[in-house]
Structures are given as C-alpha cells and as structure tokens.
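Throughout, read-outs are computed from the coordinates displayed, never taken from laboratory work. It should be emphasised that the depicted structure is a prediction, and the values quoted were computed from it without experimental measurement. So basically every Cβ, Gly included, is an ideal-geometry build from the backbone, and we count neighbours across all protein chains shown.
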Amino acid sequence: MNTIILGIESSCDDTSAAVLCDGFILSNVIASQKVHEAYGGVVPELASRAHQQNIIPVVHEAMHQAGINVKDINAVAFTRGPGLTGSLLVGTSFAKGFAIANQIPLIDVNHLQAHVLANFIKEPEMQNRQPSFPFLTLLVSGGNSQIILVSDYLKMEIIGQTIDDAAGEAFDKCAKVMGLPYPGGPVIDKLAKNGNPNRFTFAKPNIPDFNYSFSGLKTSFLYFLRDQLKENTDFINKNINDLAASLQKTIVDILLDKLKKAAKQTGIKQIAIGGGVSANSGLQKAIYEEAEKADWEVFIPRIGYSLDNAGMVAVTGYYKYLAGDFVGLDALTFARTTLD
Ligand code: KG4
C-alpha cells in the first residue's frame, strides 16, 4: 500500500501544501505573500493573516494537482517551528483540524530538519541523486545560517550557527540600504553578475568555531555608504553593480570559510546546501569550485525545494511516519532555532 503524506508549511511568509507518495512528490503549491514588499521585510501580523486566507485554497490546490482526495492521505505533517509564532499557529491549527476530521496521525516537523531533508524529495522520472550519511548541510535562508551534521534522516546536529543575523538577512538589509526592493537577495545576485567583486572590501567577522556573524558586515556596509554619499550623492546609482558584487563576495567568503573548516575537521566530503540563499549563483559557483579542489560531492535541491516549501515538510513527515513518530493535539509551536 502507498504512503501518502500531506505536508503543511507556514513558518514565515510562504503558505505551502504538498502531497508526497512513498517519497515521490506529487504536488508542491506555494503562495508567497506580496503584502510585505511595501515594508521592506516580513510583518508578522500581516503574515499570519495572509496564511489564514491562503491555507485552505493552497491545500485544495495541492490535493487537486496530486490527483488525490482526503481519504487517500495517511498522515498530515506540519511545521512546528522555528518560525514566527502567529504564522506557525495557522499551519499547526489547520493540520490538527485536518488530522481530527480525517482520523489520521499528526506529525510535527522541525523547519531546519525539513530544509536538510529537502535533498531526499524524489521526483517521478528523475535521476534523484541523494547524499549518503554522514553529510554536512549549509543551511542559509532569511532566518537561518547553520552548518548541520546529518548522521541519518532523523539524526542531525547543529555544529555551527549565526550568533546574530542570518545570511539572507544580510543580503536583504544591505539591499534595503541601497534602496533595492525586498527580498534583496535575488536582486543583489542579478546585479552582481555585471559587477566587480573586488572593487570594495567590507568587514569580515572573527568568530570562533563554525559559527557565523553578519551584523558587523551590515554596519560596515551602512557606514561605508554613508561616508561615500557625503562625497557623492549619486554614489549608489553609479556603483550599484560593483557594490552588489563586492557585498555578495564578502557574504559568500564568510559562508565558505566556515564550511571548509567544518568539512576539514569532520573529514566529511558530502556537502549539501539549502534555504533561500542557496539559490545564490555566487555561492553555488564558490561551492562547486571548492568541490573540485577538496573532492567534495555537492547536493543542491532544486530552487522550489530550497526556498520555504511544504515538499520538504512532507518528506520529513514521511520519514517520521516510517519511524512511527507522531504527536498529539497538545503539540505547541516553538519560535527558537533548535533541532531538539
Ligand atoms: O528559505 P527562504 O525562502 O525563507 C526564509 O528564510 O524566509 O529564504 C529567503 C531568503 C531571503 O533572505 C532572500 O533574499 C534569500 O533567501 N534569497 C537569496 C537568493 N534567493 C533568495 N539570497 C541571495 N541570492 C539569491 N539568489
């Protein structure tokens, strides 16, 4: 008999539902919230309201695209945390209601674990390369920057993480300072393609172990622009491509530095990346270049599975279903970053 999992993701500003059958993705519907663009960042209260509006149509569309109906679903998996509490509550409440109404098991999913397991989503009629255990994941998104040591599907440990801002936040906040639209990461990536990455240099952190810090870079970037604008009010417009390229290079160097250190110390050569920032072309290029030198095997989920999406929640739910790992209706959301 097939195992069909409905996955629900609502941790930040994407409402998503996916259907997975025996590890193969049948649908992965994502409703991104445009409402935040005007504010230059996610507004939590608006995010939870938009989730409430989106959740039912998104689930309906995911089931329609998968060609299944409710009776076919064996379990519902939902993102329990970390994330914005108001946003998480919408997906969690929906999943609980769905589980009661259909008398199926409820599976809680850690958002970080889901990003890691996005590498195991299988697509029908595709090659479906997958990392073997143990492997390292560099998880870089708007809310996370971690290096995770993955020993098995459900056994993973954060060995390094940001002590302040996430890498995506650094992209987005620096983009905002330059007057670019939100989210700034993809815009910077595009501009950087026509810029000189060595034109400007910005502060890099000096943090022990495998941890990251991006708040110093943000401040250094802000002060640099403030000083330049005093001399030339058109400085940003005139240098936008070089600014984007130099900023991107700095962020990528910071990320690669600790990843290389972690790979060297653990002796692990299977390297995966995930989270929205993994779409960055500079980061991907740098990782593939390092892979050549250090003999790494690199895994990057397709963009639809790297950004926040329910496919990764469904695949995590699938492995938890196989392990009989369910939760009760009393499962509460959590906001903080943890893999426990
Ligand atoms: O994983 P994700 O969809 O969700 C959150 O964590 O919210 O990641 C979104 C983040 C944003 O900060 C966005 O600017 C960044 O990923 N991002 C990128 C690129 N595409 C998305 N950053 C740099 N380059 C990109 N191509």
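Between residue 3 and residues 5 or more places away or on another chain, which pairs have amide H atoms under 5 Å apart, with H built 1.01 Å from N, and which residues are they?
The list, which skips near neighbours in sequence, is 22.
Below 8 Å between Cα atoms, with a sequence gap of 6+, how large is the relative contact order for the chain in percent? Write out the running numbers ahead of the final one.
On the way: 737 pairs, mean separation 84.2, N = 340.
Relative contact order for the chain comes out at 25 percent.
Out of all DSSP beta bridges in the chain, what portion is antiparallel? Express it as a percent rounded to 5.
Around 60 percent antiparallel, to the nearest 5.
R0 = 25 Å: FRET efficiency of residue 209 with residue 338, Cβ-based, nearest 0.05?
0.90
Translational D (Stokes-Einstein, µm²/s) of region 212-340 at 4 °C and 1.567 mPa s when Rh comes from the Kirkwood sum over C-alpha pairs? Display every interim value, and only then the final one.
Details: Rh = 18.3 Å.
For these conditions, the coefficient is 71 µm²/s.
³J(HN,Hα) across region 317-331 via Karplus (A = 6.51, B = -1.76, C = 1.60, θ = phi - 60°), whole Hz, x for Gly/Pro?
Per residue, the Karplus-derived 3J(HN,Hα) values read x, 5, 5, 6, 4, 4, 8, x, 9, 10, 10, x, 6, 8, 5 Hz.
What FRET efficiency comes out for the pair residue 60/residue 231, r = Cβ-Cβ distance, R0 = 56 Å, nearest 0.05?
0.50
Using 0.36 nm times the number of residues separating residue 303 and residue 281, minus their current alpha carbon distance, what extension gain do you get?
Contour length minus Cα-Cα distance gives 6.8 nm.
Projected onto the charge dipole of the chain (+1 at Lys/Arg Cβ, -1 at Asp/Glu Cβ, origin at the Cα centre), which of 221, 174, 256 gives the Cα projection farthest towards the positive end?
221
May I ask you to compute the full-extension gain from residue 257 to residue 193, defined as 0.36 nm times their residue separation minus their alpha-carbon distance, rounded to one decimal in nm?
20.9 nm
Find out how many positive minus negative residues lie around residue 223, taking Lys and Arg as positive, Asp and Glu as negative, among other residues whose Cβ is under 14 Å from that of residue 223. Each step should come with its number before you reach the end.
Values: positive: 173, 218, 226, 230; negative: 227, 231.
Its environment carries a net charge of +2.
If we count every other residue with Cβ under 13 angstrom of residue 201's Cβ, Lys/Arg +1 and Asp/Glu -1, where does the sum land?
Around residue 201, the surrounding residues sum to +1.
Got a sec to turn the phi values of region 88-99 into Karplus ³J(HN,Hα) couplings, 6.51 cos²θ - 1.76 cosθ + 1.60 with θ = phi - 60°, whole Hz, x for Gly and Pro?
Karplus values, whole Hz, x for Gly and Pro: 4, 4, 5, x, 5, 5, 4, 4, 5, x, 5, 5.
Name the long-range amide H neighbours of residue 161: under 5 Å, sequence gap of 5 or more, or other chain; modelled H, no Pro or chain starts.
147, 211, 212
Hey, what angle do you get for helix 215-231 against the long axis of the chain, alpha-carbon based, 0 to 90 degrees rounded to 10?
So the helix axis and the longest Cα principal axis differ by about 40 degrees.
Based on the Cβ-Cβ distance of residue 331 and residue 85, what FRET efficiency does E = 1/(1 + (r/R0)^6) give at R0 = 22 Å, to the nearest 0.05?
Here the calculated transfer efficiency is 0.95.
Short version: ³J(HN,Hα) in whole Hz for each residue of region 16-23, in order, from phi by Karplus 6.51 cos²θ - 1.76 cosθ + 1.60 (θ = phi - 60°), x for Gly and Pro, what are they?
9, 9, 9, 10, 10, 10, 6, x
Would you report the distance distribution of C-alpha pairs in region 135-300 as whole percents per 5 angstrom bin, up to the bin with the largest distance?
Once binned at 5 Å, the Cα pair distances of region 135-300 give 2, 9, 19, 22, 19, 13, 8, 5, 2, 1, 0, 0.
What is the distance, in nm, between label points placed 7 Å from the Cα along the Cα-to-Cβ direction at residue 201 and at residue 1?
6.5
So which trypsin sites (Lys or Arg not before Pro) in region 170-245 pass both tests, a DSSP loop state and at most 15 other Cβ atoms within 10 Å of the Cβ? Could the numbers behind the result be given before it?
Values: sites: 173, 176, 190, 193, 199, 218, 226, 230, 238; in loops: 193, 199.
Passing both the DSSP loop test and the Cβ count: 193, 199.
Got the relative contact order for region 135-300 handy, in percent, Cα pairs under 8 Å and 6 or more residues apart? Write out the running numbers ahead of the final one.
On the way: 299 pairs, mean separation 47.2, N = 166.
Here the relative contact order equals 28 percent.
Could you check the spin-label model distance between residue 219 and residue 323? Points 7 Å from the Cα along Cα→Cβ, value in nm.
4.0
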